[in-house]
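Peer 1: Okay, here's the structure, questions in a sec.
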């Protein structure tokens with residue numbers, strides 16, 4: 001007998017519907033009868049329009065009307081339904097909505113009048129002014145949507161800002177210079193020397209170290225010089241080679257830097273670079 005009662009109780013629990021809610025750990029099987037729900041609580045007005053033209057454009061797109069051949073009777077009926085719906089929700093109707101309703105009613109009545117003569121002139125169409133306003137509004141509305149879709153600062157992207165700690169020592173980064181650019185610049189100097197040399201003047205040759213000292217003295221007076229100004233035409237090709245070797249040695253010892261300027265290479269003192277804060 002005990003087994004039969006347990007079996008009957010388990011079958012009753014299986015056939016029982018699940019509770020509709022759990023409150024404080026207790027199942028609630030039935031909805032409370034004293035629960036108050038306002039009559040308009042479940043009514044939702046989905047569309048918010050920016051004006052009567054926006055409402056008209058919405059209705060045209062919703063019902064797939066041709067904006068150039070606007071069915072005034074149907075669009076007027078749809079418009080008045082939305083106006084009545086606004087009244088039902090106790091929404092304050094702006095005067096422009098009521099004015100548009102009057103305009104639609106006037107156009108509808110004019111469309112019902114008999115036409116004595118057939119004319120293709122758009123000025124005779126009572127809808128012409130309204131259609132022109134709708135087309136202009138559609139262009140402006142689409143332009144506003146296109147502008148809003150553009151990336152905007154502090155909306156789609158943000159400018160990153162960071163400060164460097166005083167304990168971090170940042171070394172100067174040398175300009176990225178290709179060896180072929182330096183070679184072409186030196187070839188241009190040699191070509192200029194050969195073009196301007198009219199006679200050879202023999203003078204005491206300088207060592208590379210002496211020329212390095214002269215270059216540093218020049219850069220002491222002017223921290224940055226064009227590449228070709230470090231070569232003297234009267235020294236000929238041999239003097240240009242000595243000067244070129246002196247420039248390479250100074251760059252190797254990190255006393256000068258070589259950068260690509262607007263028209264040609266430029267030589268500058270590395271100590272003349274602005275120091276990091």
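The values are calculated or read from the model by the stated rules, or taken from the named source; none is laboratory data. Since the structure is predicted, the reported quantities are computational estimates derived from the model, not experimental observations. Positions of Cβ are backbone-derived with ideal geometry, glycine not excepted, and every protein chain shown enters the neighbour counts.
Peer 1: Return the pair list, or none, for Cβ contacts closer than 8 Å from residues in region 156-174 that are farther than 16 Å from residue 254 by Cβ and not assigned by TED's automatic domain parsing to the domain that holds residue 267 to residues that are modelled with pLDDT of 80 or more and outside any loop (DSSP other than H, G, I, E, B), at least 6 apart or on different chains.
Peer 2: 159/153
Peer 1: Hey, any hits in region 26-47 for a residue that's under 30 Å from residue 125 (Cβ atoms), modelled with pLDDT under 80 and under 41 Å from the mean Cα position of the chain (by Cα)? Walk me through it before giving the result.
Peer 2: Within region 26-47, the subset under 30 Å from residue 125 (Cβ atoms) is 47.
Narrowing further to those that are modelled with pLDDT under 80: 47.
The next check asks that each one be under 41 Å from the mean Cα position of the chain (by Cα); those that pass are 47.
The answer is yes; a qualifying residue exists.
Peer 1: Another one. Within region 247-277, count every residue that is farther than 18 Å from residue 180 by Cα and modelled with pLDDT of 75 or more.
Peer 2: Residues meeting the conditions: 8.
Peer 1: Within the set of pairs 6+ apart or on separate chains, which have a first residue in region 58-70 that is free of Cβ contacts under 8 Å to residues at least 60 places away in the same chain and in the same structural domain as residue 104 (by TED's automatic domain parsing), a second that is part of a loop (DSSP other than H, G, I, E, B) and exposed (fewer than 11 other Cβ atoms within 10 Å of the Cβ), and C-beta atoms under 9 Å apart?
Peer 2: 58/47
Peer 1: Can you list the helices (runs of 4 or more DSSP H) lying wholly within region 59-167 that have 2 or more residues being modelled with pLDDT under 85?
Peer 2: 72-88, 95-112
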